[in-house]
1. State, to one decimal in nm², a quarter of the convex hull surface area for the C-alpha atoms of the chain, i.e. the direction-averaged projected area.
2. Which FRET efficiency value, to the nearest 0.05, is calculated for A65 and E280 with the Förster distance at 35 angstrom and r the Cβ-Cβ distance?
3. Kindly express, to the nearest 10 degrees and within the range 0 to 90, the angle between helix 13-23's C-alpha long axis and the longest C-alpha principal axis of the chain.
4. With all protein chains present, calculate the accessible area of R137 using a 1.4 Å probe and round the result to the nearest 10 Å².
5. What nm value, rounded to one decimal, do you get for the distance between I114 and A172 when each label is placed 7 Å out toward the C-beta?
6. Order the following by accessible area, largest value first: K15, K228. Probe radius 1.4 Å; ligands, DNA and RNA are ignored.
7. Kindly report the accessible area of the range 128-172 per residue (heavy atoms of protein chains, probe 1.4 Å, no ligands, DNA or RNA), in Å².
8. With all protein chains present, how much of the accessible area of the chain (probe radius 1.4 Å) comes from carbon and sulfur, to the nearest whole percent?
Amino acid sequence: MLTYTALTTLPGKSKADALGEALEELEPAPTGVGVFEVEDGKEIWEVGGYFLEAPDDIALALLSAAYDANPFVVSEVPDQDWVAKVRRELPPVEAGRFFVYGGHDAELLPAGRIGLLIEAAMAFGTGHHGTTLGCLRAFDRLLDQGRKFENVLDLGCGTAVLAMAAARMDVASVMASDIDPVAVEVASVNVVANDLVGRVDCVESIGFDAPALAQAAPFDLIFANILKGPLIDLAPAMAAHLAPCGIAILSGLLVEQADDIVAVYKTQGVTLVEREDLGEWTALTLSSA
């Protein structure tokens, strides 16, 4: 059985969101529609639909013209067992004392390591990406240096793997927040799967807007594995929510974007402590005054 994708790009979030909504009204109807920023800071967005039948080429051409988008590219996608594929292609990840694995690899958990279970069906934020791995490695190094943390926030948590790593270190209060309600649901499921109920509080929040975050602040450690644009926008709020001498571990950044982030955070009194580049990605460890 074949499925079909129809993908285009265009400038501007508002137009991309509107095109995504219009795409949902097509006949045959797509089984899903996604809208994603593909060039951080350049305001280029991808809009895609997934179809069980070949989409109408004329309708797609009219939509792309109406929203000043590039022509849709339609591709055939063979049917496969995606969970099985992910299991094959996502082996366990080691980050210092932490070992991130799927249930199918539970027998590989080494003695004395701290296991973080992320199922293959929930693969976003498993630790395989350089940004998540960089955050885990930065946290591991801080622990090796004897740092202790009592109040931790995983901002833009995805699967909540970073929040769960903190909870495994017996941090008294750990919060995991995300702008996406689906991510918050996934995070909550992972917290249950890792026997961390009551030790990680998952909340939906746009940045620091949720009242629960204001009530829990200040944090002595904030993970923010997101993107350059949001990290810049959140710099004042990040500084305001950090405790004195608090640590921010920031990622979701390309190597060439790191200096810009460091400069912006320096103006807020949050300065660089350490940087690690992993391939094209970088993770920054910063400290408040």
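The values are calculated or read from the model by the stated rules, or taken from the named source; none is laboratory data. None of the values given here were measured: they were computed from a predicted structure. We place every Cβ from the backbone using ideal geometry, glycine too, and count neighbours over all the protein chains shown. Accessible surface areas use protein heavy atoms only, side chains included; no ligands, DNA or RNA. Shrake-Rupley method; radii C 1.70, N 1.55, O 1.52, S 1.80 Å.
1. Orientation-averaged projected area of the Cα hull: 15.8 nm².
2. Once the sixth-power term is evaluated, E becomes 0.50.
3. The two axes meet at around 50 degrees.
4. 80 Å²
5. 1.8 nm
6. Order by accessible area, largest first: K15, K228.
7. Spelled out: the 1.4 Å probe surface of the range 128-172, per residue, equals 33 Å².
8. 56 percent
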